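What follows is one structure encoded as structure tokens, with my remarks underneath.
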Amino acid sequence: MPELLLELFSEEIPARMQAQACDDLRRLVTDALVARGLTYAGAAAFATPRRLALHVADLPAAQPDTREERKGPKVGAPGAAVAGFLKSAGLATIGEAKVQSDAKKGDFYVAVIERRGRPTLEVLAEVLPQVITNFPWPKSMHWGDYRPLKIGGFGFAEAGALGFNQSPFSLAGHNLLRWVRPLHSILATFGPDTEDPEIVHFTIDGISSGNTTRGHRFMAPGPITVRRFDDYAPALERAKVVLDPERRRDIIRYDARTLAQAQGFEVVEDEGLLAEVAGLVEWPVVLMGAFDAAFLDIPAEVIRATIRANQKCFVLRDHAGKLANRFVLVANIEASDGGEAIVAGNAKVVRARLADARFFYETDLAVPLDERLPRLDDVVFHAKLGTQGERVRRLAKLAADYAGLVGGDPAQAERAATLSKADLVTAMVGEFPELQGLMGRYYAAHAGEAPAVAAAVEEHYKPVGPSDRVPEAPVSVAVALADKMDTLVGFWAIAETPTGSKDPYALRRAALGVIRLILENGLRLPILDLGATARLRAERFREMPEADKLALLRTLLAFFADRLKVY
């Protein structure tokens, strides 16, 4: 049966947008086809940095014919009713209608409307431009030169001066296509595998569909003529383009592991980075670089965050689990020198970024965490819930209370809660927010804090997801409970609760965190009492009427019951 092949060839699509774009393209095209009576056997979408492609298999050659019987007025009805019926049914005279009898209602007119299905090629020429011009990119742009025009007395040098952001629009006779990056060409073919398919002809903003694409930007930039998906993917492969993002990920993963093992190392796996890097290259070439071993004095997590964020590279460790002074990068070209210049360039940048990280780390170590606490009074937690400084003073009292319930040292819990947010105002966390808590632990340990205190500074954020580890040390559990209960009761008191799918303050996650802390540590704690304690610690809510406090805590308890079902 016939198949559709569509490719939208453009400048680089941001890696973070590619997966959703694949889903959107497949959904929008197939939904539009099904709505027009065109079913299919399967559909798959693919993305590389420079192209978005769709393959829809086993489409019919034409829409199915339809037959509809439309009931009209009674025989002998007024002329106006008959005329309206003829117009709606598309009949010229009443003689073209049938007369049917009903035992109760008598004789009435019926129009039999038969429509031949349109060729699928014609339907595609209608559907595809609509999908492309209305494609839901999170951010998009338009390009090209357009005539100056005046709207409402205001002159604009070009349509872009209007500042439109999403939908296509028409100005001065132009349909301004918006795409994530400038669109260069559209490949659209349709037909059976027994003969050459036809081009689905349409034009958008001066770009006409055809049957050609291009390969790798540097290694095979020439035009490639294709007919259907079976020769499209292999042709791209010959032109140094791996179409399937899953296969690019597998190539990177396998080659990185192989290269690391050959040097006596292993890759520190990072699925998020792997997906991002696979979206940055069309022809992945894995290389290894090195940096000065002196940088290994920096915490391993800092090195990993620095190399990951700045160069999109993977770090390596030895078989003992210690971080190595090596990194793996993924190039998008087979360089004539074997990649030596690429590795050298990346190593130079990595060295500079690690030097910055070491400066941040050493600067932070020079100021103990407790000396940073006054700065938290300048950091707003929430406009209605005060500053981080106010919050840590609440958390300190709460954590001391909770420590007695979970078998922890109240003094240590209070100290850990006091220091728990201090790393938010350090240079390192300012550069890498994902290291909050972890850096606090390093800085607390360096300042001579008790191991239980330093551990709780890091672990009080946990668990941050269903797969995250739950703290077991009593001091850590107490501070983690305090942090989450203060958040929940505070936002409940200001009526900022989750609604539908919206949960901007991650309150569902906080409640699940409390549930896991209690159940997975074998504890029995009265949720209402925990909530009441958190509420009374909030200075601004001490004047709340007791009836309102009780009602608030009951709704919070119901929320916990719902989260417990989810757990």
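Out of the residues in the stretch 420-438 that are of a type outside the set (Ser, Thr, Tyr) and crowded, with 24+ Cβ neighbours inside 10 Å, which is nearest to VAL479 (Cα to Cα)? Outline the logic, then answer.
Going residue by residue through the stretch 420-438, those that are of a type outside the set (Ser, Thr, Tyr) are 421-425, 427-438.
Of the ones still in play, those that are also crowded, with 24+ Cβ neighbours inside 10 Å are 421-423, 428.
Values: LYS421: 11, ALA422: 14, ASP423: 16, MET428: 23 Å.
For the stretch 420-438, the residue satisfying everything is LYS421.
All but one of (1) modelled with pLDDT under 50; (2) under 20 Å from PRO182 (Cα atoms); (3) outside any helix (DSSP H, G or I); (4) not aliphatic (A, V, I, L, M) hold for GLY144; which doesn't?
Only one criterion is unmet by GLY144, namely (1).
Identify all residues within the stretch 284-299 that are farther than 20 Å from ALA344 by Cα and surrounded by 15 or more Cβ atoms within 10 Å (Cβ to Cβ); write none if there are none. Even if it seems obvious, please write down each step before you answer.
Initially, the stretch 284-299 is screened for residues farther than 20 Å from ALA344 by Cα, giving 297-299.
Across the stretch 284-299, the qualifying residues are ILE298, PRO299.
From LEU128, LEU52, which residue is within 30 Å of ARG248 (Cα to Cα), in contact (Cβ under 8 Å) with a residue 12 or more places away in the chain and part of a strand (DSSP E or B)? Outline the logic, then answer.
Numbers: LEU128 fails: part of a strand (DSSP E or B).
Sole residue among the options that is within 30 Å of ARG248 (Cα to Cα), in contact (Cβ under 8 Å) with a residue 12 or more places away in the chain and part of a strand (DSSP E or B): LEU52.
Which of the residues belonging to the stretch 332-360 are among the hydrophobic types (A, V, I, L, M, F, W, C), in a loop (DSSP other than H, G, I, E, B) and open to solvent by less than 40 Å² (accessible area, probe 1.4 Å)? Before the answer, list the steps.
Filtering the stretch 332-360 for residues among the hydrophobic types (A, V, I, L, M, F, W, C) gives 333, 335, 341-344, 347, 349-350, 352, 354-355, 357, 359-360.
Those still in the list that are in a loop (DSSP other than H, G, I, E, B) too: 333, 335.
Hit for the stretch 332-360 is ALA335, nothing else.
Tally time: how many residues in the stretch 241-273 are touching an Asp or Glu at 6+ places or on another chain (Cβ under 7 Å) and more than 23 Å from ILE303 (Cα to Cα)?
Count: 2.
Table: residues versus (1) open to solvent by 10 Å² or more (accessible area, probe 1.4 Å); (2) touching a Lys or Arg at 6+ places or on another chain (Cβ under 6 Å); (3) in a helix (DSSP H, G or I); (4) closer than 30 Å to LEU552 by Cα.
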| residue | (1), (2), (3), (4) |
| --- | --- |
| ALA400 | yes, no, yes, yes |
| GLY404 | yes, no, yes, yes |
| ALA413 | no, no, yes, yes |
| THR418 | yes, no, yes, yes |
| GLY440 | no, no, yes, no |
| ALA452 | yes, no, yes, no |
| ALA455 | yes, no, yes, no |
| TYR461 | yes, no, no, yes |
| MET485 | no, no, yes, yes |
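Taking the residues in the stretch 463-483 that are of a type in the set (Gly, Ala, Ser) and surrounded by fewer than 24 Cβ atoms within 10 Å (Cβ to Cβ) as candidates, determine which candidate is farthest from GLY386 (Cα to Cα).
If we filter the stretch 463-483 for residues that are of a type in the set (Gly, Ala, Ser), which is where we start, we get 465, 467, 473, 476, 478, 480, 482.
With the extra rule that they be surrounded by fewer than 24 Cβ atoms within 10 Å (Cβ to Cβ), the set shrinks to 465, 467, 473.
On the way: GLY465: 26, SER467: 31, ALA473: 29 Å.
Here the residue is SER467.
Is it the case that some residue within the stretch 466-473 is within 30 Å of PRO545 (Cβ to Cβ), of a type in the set (A, V, I, L, M) and not in a helix (DSSP H, G or I)?
Filtering the stretch 466-473 down to residues within 30 Å of PRO545 (Cβ to Cβ) leaves none.
Among the residues of the stretch 466-473, not one is within 30 Å of PRO545 (Cβ to Cβ), of a type in the set (A, V, I, L, M) and not in a helix (DSSP H, G or I), which makes the answer no.
When the residues of the stretch 375-387 are narrowed to those that are hydrophobic (A, V, I, L, M, F, W, C) and over 23 Å from PHE360 (Cβ atoms), which ends up surrounded by the fewest Cβ atoms within 10 Å (Cβ to Cβ)? If you could, list the steps in order and put the result at the bottom.
Going through the stretch 375-387, the residues hydrophobic (A, V, I, L, M, F, W, C) turn out to be 376, 379-381, 383, 385.
Still in the running and over 23 Å from PHE360 (Cβ atoms): 380-381, 383, 385.
Values: VAL380: 12, PHE381: 18, ALA383: 7, LEU385: 21.
Among those that are hydrophobic (A, V, I, L, M, F, W, C) and over 23 Å from PHE360 (Cβ atoms), it is ALA383.
Check off (1) part of a loop (DSSP other than H, G, I, E, B); (2) closer than 30 Å to VAL315 by Cα for ARG248 and give me the number that stays unchecked.
(1)
Just to be sure, is ALA444 free of Cβ contacts under 8 Å to residues at least 40 places away in the same chain and open to solvent by less than 30 Å² (accessible area, probe 1.4 Å)?
Numbers: free of Cβ contacts under 8 Å to residues at least 40 places away in the same chain: no; open to solvent by less than 30 Å² (accessible area, probe 1.4 Å): yes.
Against the criterion (free of Cβ contacts under 8 Å to residues at least 40 places away in the same chain and open to solvent by less than 30 Å² (accessible area, probe 1.4 Å)), ALA444 does not qualify.
Do we find a residue being of a type in the set (D, E, K, R), under 29 Å from MET439 (Cβ atoms) and surrounded by fewer than 20 Cβ atoms within 10 Å (Cβ to Cβ) anywhere in the stretch 498-508? Spell out how you get there, then give the answer.
If we filter the stretch 498-508 for residues that are of a type in the set (D, E, K, R), which is where we start, we get 502-503, 508.
In the following step, the residues that additionally are under 29 Å from MET439 (Cβ atoms) were identified as 503, 508.
Restricting the remaining residues to those that are surrounded by fewer than 20 Cβ atoms within 10 Å (Cβ to Cβ) gives 503, 508.
Yes, because at least one residue in the stretch 498-508 is of a type in the set (D, E, K, R), under 29 Å from MET439 (Cβ atoms) and surrounded by fewer than 20 Cβ atoms within 10 Å (Cβ to Cβ).
State yes or no: is VAL267 buried (at least 17 other Cβ atoms within 10 Å of the Cβ) and modelled with pLDDT of 95 or more?
On the way: buried (at least 17 other Cβ atoms within 10 Å of the Cβ): yes; modelled with pLDDT of 95 or more: yes.
Yes: the conditions hold for VAL267.
Somewhere in the stretch 32-39, is a residue in a helix (DSSP H, G or I), within 31 Å of the chain's Cα centre (by Cα) and buried (at least 17 other Cβ atoms within 10 Å of the Cβ)?
So in the stretch 32-39, the residues in a helix (DSSP H, G or I) come out as 32-35.
Checking the rest, the ones that are also within 31 Å of the chain's Cα centre (by Cα) come to 32-35.
Still in the list and also buried (at least 17 other Cβ atoms within 10 Å of the Cβ): 32-33.
Yes; the residues of the stretch 32-39 include at least one that is in a helix (DSSP H, G or I), within 31 Å of the chain's Cα centre (by Cα) and buried (at least 17 other Cβ atoms within 10 Å of the Cβ).
Go through (1) crowded, with 16+ Cβ neighbours inside 10 Å; (2) not in a strand (DSSP E or B) and name the single condition GLY72 misses.
(2)
Which count do you get for residues in the stretch 529-567 that are at pLDDT 75 or above, open to solvent by 30 Å² or more (accessible area, probe 1.4 Å), of a type outside the set (Val, Ile, Thr) and assigned to a helix (DSSP H, G or I)? It would help to see each step written out before you state the result.
Looking only at the stretch 529-567, we keep the residues that are at pLDDT 75 or above, and these are 529, 545-567.
With the extra rule that they be open to solvent by 30 Å² or more (accessible area, probe 1.4 Å), the set shrinks to 529, 545-548, 550-551, 554-555, 557-558, 561-567.
Of the ones still in play, those that are also of a type outside the set (Val, Ile, Thr) are 529, 545-548, 550-551, 554, 557-558, 561-565, 567.
Subset that is assigned to a helix (DSSP H, G or I): 529, 546-548, 550-551, 554, 557-558, 561-565.
Matching residues across the stretch 529-567 total 14.
Looking at the stretch 470-501, which of its residues are more than 20 Å from ALA403 (Cα to Cα) and not aromatic (Phe, Trp, Tyr)? Full working, then the answer.
First pass over the stretch 470-501, keeping only residues more than 20 Å from ALA403 (Cα to Cα): 490-501.
Scanning the stretch 470-501 gives GLY490, ALA493, ILE494, ALA495, GLU496, THR497, PRO498, THR499, GLY500, SER501.
Would you check if there is a residue in the stretch 182-202 being without any contact (Cβ under 8 Å) to a residue 60 or more places away in the chain and part of a strand (DSSP E or B)?
yes
When the stretch 203-212 is examined, which residues are found to be within 19 Å of TYR232 (Cβ to Cβ) and outside any strand (DSSP E or B)?
Result: ASN211, single match.
Which residues, counting only those in the stretch 208-227, are open to solvent by less than 20 Å² (accessible area, probe 1.4 Å) and in contact with a strand residue (DSSP E or B) (Cβ under 8 Å, 6 or more places away or on another chain)? So that I can check it myself, show each step before the final result.
Just the residues of the stretch 208-227 that are open to solvent by less than 20 Å² (accessible area, probe 1.4 Å), to begin with: 209-210, 213, 215-216, 226.
Listed by number, the residues that qualify are SER209, GLY210, THR213, GLY215, VAL226.
Given the criteria surrounded by fewer than 21 Cβ atoms within 10 Å (Cβ to Cβ) and either of a type outside the set (Asp, Glu) or in contact (Cβ under 8 Å) with a residue 24 or more places away in the chain (or both), does GLU390 qualify? First the steps, then the outcome.
On the way: surrounded by fewer than 21 Cβ atoms within 10 Å (Cβ to Cβ): yes; either of a type outside the set (Asp, Glu) or in contact (Cβ under 8 Å) with a residue 24 or more places away in the chain (or both): yes.
Answer is yes for this residue.
Which residues, taken from the stretch 309-331, are farther than 15 Å from GLY264 by Cβ, open to solvent by 50 Å² or more (accessible area, probe 1.4 Å) and at pLDDT 95 or above?
LYS312
The values are calculated or read from the model by the stated rules, or taken from the named source; none is laboratory data. Values in this document were obtained by computation on a predicted structure and should not be read as measured data. With ideal geometry, Cβ positions are generated from the backbone for all residues, glycine too; neighbour counts draw on all protein chains shown. For accessibility, only protein heavy atoms count, side chains too; no ligands or nucleic acids. Shrake-Rupley method; radii C 1.70, N 1.55, O 1.52, S 1.80 Å.
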